[in-house]
C-alpha cells in the first residue's frame, strides 16, 4: 500500500496509539480521519496530527453510519480502516459483572465489527482495501484480572482470522497488531495518558508497526504481529 495519498480512518484517534498513528500517517502523506467521543480532546488531537475530527462513539451504530458519511464526503472514499478504539475493565473473577462484559464488548468487539462491515462494502466495490485491528498480547496470553478485556481481544483476534479467510479473494488485507503493555490512557478513569518509561513501549512503536505492515506491497500481508518491550524489567 502506498501511504502517500491514501484515505485512512482511525477510530479512537483522540489519544494514545490512535493519535500518534494519525500523526505518523499524515506526515507520510495520508488523508486521515480520526474518531473519538470527547470533542475537546478530539479537536486538540486533530490540531496536533492534521487529521479530520469526527466526533463519534463506535459502540453506537448511528454514529458509525454518520462517521462513514462524513469521511467519504470529505475524501471521496476510503482505502484503509484502523480499528483502534478500545476500553478496558480489570476484574478478578469473583468481581465480574454482566455490565463489564457488555460495556467492553460494545466497543472492542461490536464496534470494531460494525466499523469493518461498513468499510468492506466500499472495499469490495473498488476491489481492494486494508483493515488493521489493534488487538493486544492479552489475546494470546491471559493475565490476572484480565477476564473481560482479554476475552474481548481474543474475540477480536478470532474475528480477524475469519475476515482474513473471507476477504483475501477480494484483495482486502486484514492485519492484527498485538501490542504488549503501552503507556496510554486506557484503563484510566479520567482518560489521562501515562508517560512511558524508557524501557516500556510507547504509542510511537505501535504507530511505526502499523505503518510498516501497511507499506508492504499489496501482493502480501502480515496476518498478525506482536510488539513487545525489549527489556521491561
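Nothing in this text is a laboratory measurement; each read-out follows from the coordinates by a stated rule. Just so we're clear, the structure is a prediction, and the values are computed from it rather than from any experiment. All Cβ positions, glycine included, derive from the backbone under ideal geometry; neighbour counts span all protein chains shown.
Tabulated data for the structure shown
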item: DSSP-defined antiparallel bridges as percent of all bridges, the stretch 7-227, nearest 5; result: 0
item: With Cα atoms, 0 to 90° folded angle of helix 147-167 axis to the chain main axis; result: 30
item: Helix axis angle, 112-126 relative to the chain longest principal axis, alpha carbon, degrees; result: 20
item: Residue order, fewest to most surrounding Cβ atoms within 10 angstrom, among 122, 143, 68; result: 143, 122, 68
item: For the chain, calculated [θ]222 nm from helices alone, where every DSSP H run of n ≥ 4 adds -39500 (n - 2.57); result: -13000 deg cm²/dmol
item: Kirkwood-Stokes translational diffusion coefficient of the chain, alpha-carbon pairs, 37 °C, 0.692 mPa s, µm²/s; result: 187
item: Cα long-axis angle, helix 16-27 against the chain (0 to 90 degrees, to the nearest 10); result: 20
item: Order of 163, 228 - criterion: other Cβ atoms within 10 Å of each residue's Cβ, fewest first; result: 228, 163
item: Sequence ranges 134-142, 55-63, ranked by mean other-Cβ count within 10 angstrom, highest first; result: 134-142, 55-63
